[in-house]
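Before any comments, here is the structure.
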Amino acid sequence: MVNLSNIKVAYGSRILFKDAGFLIRPGDKIGLVGPNGSGKTTVFRLIAGEEHSDEGTVNIDPGIIVGYFSQEVGDMSGHSVLNEVLAGAGRVYETSIKMSEMEHTMSNQDAMSLMDNDSMETFMNQYGELQSEFQNLGGYELEDNAKAILDGLGIPEARQSQSVETYSGGWRMRIALARILVLNPNVLLIDEPTNHLDIETIIWLEEWLKSFKGAVMMTSHDRDFMTRLCNRTIEVAGETITTYSGDYDFYLQESKIRREQLISGQRRQQSMLAKEEEFIARFAARASHAAQVQSRVKMLEKVERIIIPKDPKIIKLKLNPITRGGDIVVNMDNLSKEWLLEDGTTHPVFSGISGIIERGNKISLTGINGAGKSTLLKVIAEQTEATSGTCTLGASINLGYFSQYSSDLLNHNNTIYNEVAARLPNETIGYIKNLLGSFQFSGDDVEKKISILSGGEKSRVMLACLLAGPVNFLVLDEPTNHLDIASREVILEALQDFEGTIIIVSHDRYFLRNLVNRVFEIDHGDMCIFEGDYKYYLDKTGL
């Protein structure tokens with residue numbers, strides 16, 4: 001269906017990839033991987049026709065429809081949620097508009113009376129052809145499909161008539177995703193579809209994509225999501241594109257073997273080049289060897305240098321020893337929380353929550369969007385007061401709190417290095433630079449001003465400060481958002497080694513499955529405690 005051949009893309013002197021190519025075949029489920037900045041988004045844009053290569057060809061079979069979901073949702077205004085999604089359905093939506101216009105004409109007796117018999121016959125034939133096309137494209141099921149997809153993405157039918165302007169950025173991402181799914185393309189390109197989704201919605205999307213009959217190419221920072229869906233992996237790295245005939249776990253194993261082979265090949269090549277360059281340098285001034293020298297110079301010019309992709313392995317994050325706190329870290333007794341709304345009414349979040357967090361617990365706090373997970377973390381972290389009940393921290397508990405808004409506490413005038421150094425005054429320059437390297441800040445990156453960082457980069461700075469601080473109880477609200485898989489695994493290893501206590505909200509199932517030993521679930525205002533790990537929780541709940 002889609003064939004990229006001998007592709008080269010460069011920005012100035014920086015080459016993303018050259019002589020690169022791959023196939024997307026009917027029914028393929030492909031995971032697109034590679035370091036940040038390697039060119040994954042460029043690959044999507046090439047296929048979607050939003051960008052063109054410097055060399056090579058992108059061939060798409062005639063009649064193939066490509067749908068592209070990116071993190072840029074574009075302008076959404078002037079429509080209800082449902083109509084915004086329907087407008088993304090492509091040909092079938094355009095056909096429905098033409099049919100509606102013709103039906104409006106047919107209902108106008110004056111307009112119809114102006115047509116002669118031939119014109120009337122032509123008009124009715126055109127309408128019949130449109131009607132047949134509409135039926136063949138599944139137009140009569142279109143609205144029901146759109147409603148079902150929106151409901152699956154967390155927007156129930158009761159809210160689908162609301163204006164898109166009333167929805168925040170994260171919810172607009174869901175609306176944009178629904179537009180692409182309703183399009184039902186032959187090739188679906190999706191860039192980080194699980195951002196802003198809770199676990200229940202991720203599971204729904206996973207099932208939808210499993211049953212999708214077209215081809216899928218995706219990027220995702222959610223390792224479980226990609227591994228469950230993708231049976232092929234394509235890597236963009238080291239100025240080339242490499243195809244692996246297996247899922248993400250297979251890719252990790254195979255890419256390690258290929259990397260070792262590349263390193264060995266590069267060593268042999270460098271040894272050969274050094275000998276040839278030594279010969280050229282030794283005999284360059286001798287007329288008797290001029291022909292041999294020139295021959296070897298030309299040979300060296302033609303040698304394709306072996307490039308080793310950047311090592312995806314990130315420095316292991318080593319946390320400082322912690323001070324032991326009391327055996328009871330948090331005692332919650334009959335907690336309830338209501339938010340006071342602008343109109344003077346109250347919105348109940350949860351009630352009657354009781355439970356004990358013991359030293360060494362690593363707890364996942366779960367529940368659907370709006371269940372009150374973040375609010376409960378704020379109560380525990382003393383960021384807001386409970387409406388009733390008590391939440392008491394134990395003896396000698398040093399609490400560290402991270403939320404998606406924590407980066408607002410950074411000094412925007414500082415460099416990354418200065419910001420972290422100011423928060424860790426007793427640490428050495430080497431420790432701080434190693435710490436920042438763990439979070440993918442190296443070299444000149446550490447001198448970037450906080451003010452110019454992206455949201456994800458600011459989150460990484462805050463996590464670096466928090467995890468290196470003198471805390472023995474971590475309260476973490478979506479700490480893995482904006483982090484790629486490699487960075488998430490660095491955080492996971494650090495939290496696995498952390499000797500203190502953790503309560504965490506995250507929609508990354510791989511992360512939770514490999515970290516937590518208890519689960520607290522908030523459901524309809526109440527809390528249920530599962531005395532087992534995350535797999536135990538999934539088995540019990542059937543998720």
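The values are calculated or read from the model by the stated rules, or taken from the named source; none is laboratory data. Here the structure is a predicted model, which is why all the values come from computation and not from measurement. Neighbour counts run over all protein chains shown; Cβ positions are idealised from the backbone, glycine included.
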(request) Within segment 447-479, track down each residue that is surrounded by fewer than 19 Cβ atoms within 10 Å (Cβ to Cβ), more than 19 Å from the chain's Cα centre (by Cα) and not in a loop (DSSP other than H, G, I, E, B). (result) Glu447, Lys449, Ile450, Ser451, Ile452, Leu466
(request) Working only within segment 157-191, note down all residues that are surrounded by fewer than 18 Cβ atoms within 10 Å (Cβ to Cβ), outside any helix (DSSP H, G or I) and touching a residue at least 24 places away in the same chain (Cβ under 8 Å). (result) Ser161, Gln162, Ser163
(request) Collect the residues in segment 492-532 that are of a type in the set (A, V, I, L, M) and in a loop (DSSP other than H, G, I, E, B), keeping them in residue-number order. (result) Leu515, Val516
(request) Residues being loosely packed, with under 14 Cβ neighbours inside 10 Å, among the β-branched types (Val, Ile, Thr) and more than 28 Å from Val164 (Cα to Cα): count how many of those fall in segment 63-118. (result) 1
(message) Looking at segment 481-503 only, could you name the residues that are surrounded by fewer than 20 Cβ atoms within 10 Å (Cβ to Cβ) and of a type in the set (S, T, N, Q)?
(response) Asn481, Gln496
(message) If I go through segment 430-446 residue by residue, how many of them are assigned to a helix (DSSP H, G or I) and in contact with a helix residue (DSSP H, G or I) (Cβ under 6 Å, 6 or more places away or on another chain)?
(response) 5
(request) Just give me the residues in segment 7-16 being over 24 Å from the mean Cα position of the chain (by Cα) and more than 15 Å from Thr243 (Cβ to Cβ), in sequence order. (result) Lys8, Ala10, Tyr11, Gly12, Ser13, Arg14, Ile15
(request) Kindly provide the set of residues from segment 1-49 that are out of contact with any Asp or Glu (no Cβ under 6 Å at 6 or more places or on another chain), assigned to a loop (DSSP other than H, G, I, E, B) and either touching a residue at least 60 places away in the same chain (Cβ under 8 Å) or within 23 Å of Tyr251 (Cα to Cα) (or both), ordered by number. (result) Arg25, Pro26, Gly27, Asp28, Pro35, Asn36, Gly37, Ser38, Gly39
(message) Among the numbered criteria (1) among the aliphatic types (A, V, I, L, M); (2) modelled with pLDDT under 95; (3) within 31 Å of the chain's Cα centre (by Cα), which one does Ile363 miss?
(response) (2)
(message) Here are the criteria: (1) within 34 Å of the chain's Cα centre (by Cα); (2) in contact (Cβ under 8 Å) with a residue 12 or more places away in the chain; (3) farther than 27 Å from Leu4 by Cα. Tell me which single one Ser264 does not satisfy.
(response) (2)
(request) Scan Glu260, Glu239 and give me the residue that is acidic (Asp, Glu), loosely packed, with under 11 Cβ neighbours inside 10 Å and at pLDDT below 90. (result) Glu260
(message) Quick check on my filter: what residues within segment 332-347 are polar (S, T, N, Q) and surrounded by fewer than 15 Cβ atoms within 10 Å (Cβ to Cβ)?
(response) Asn334, Thr345, Thr346
(message) Just to be sure I understand, how many residues within segment 480-491 are under 20 Å from Leu377 (Cβ atoms) and not in a helix (DSSP H, G or I)?
(response) 4
(request) Tell me, yes or no, whether segment 105-118 has at least one residue that is in contact with a Ser or Thr (Cβ under 9 Å, 6 or more places away or on another chain) and in contact (Cβ under 8 Å) with a residue 24 or more places away in the chain. (result) no
(message) Can you find, within segment 206-217, the residue that is nearest to Gly27 (Cα to Cα) among those that are touching a helix residue (DSSP H, G or I) at 6+ places or on another chain (Cβ under 7 Å) and touching a residue at least 24 places away in the same chain (Cβ under 8 Å)?
(response) Val216
(message) Just to be sure before I move on: is Arg228 in contact with a helix residue (DSSP H, G or I) (Cβ under 7 Å, 6 or more places away or on another chain), surrounded by fewer than 21 Cβ atoms within 10 Å (Cβ to Cβ) and either modelled with pLDDT of 90 or more or among the basic types (Lys, Arg) (or both) in the structure I sent?
(response) yes
(request) Could you list, in sequence order, all residues of segment 396-445 that are surrounded by fewer than 16 Cβ atoms within 10 Å (Cβ to Cβ), under 29 Å from Val379 (Cα atoms) and among the aliphatic types (A, V, I, L, M)? (result) Leu409, Ala422
(message) Can you find, within segment 29-42, the residue that is nearest to Lys210 (Cα to Cα) among those that are modelled with pLDDT under 95 and surrounded by 16 or more Cβ atoms within 10 Å (Cβ to Cβ)?
(response) Val33
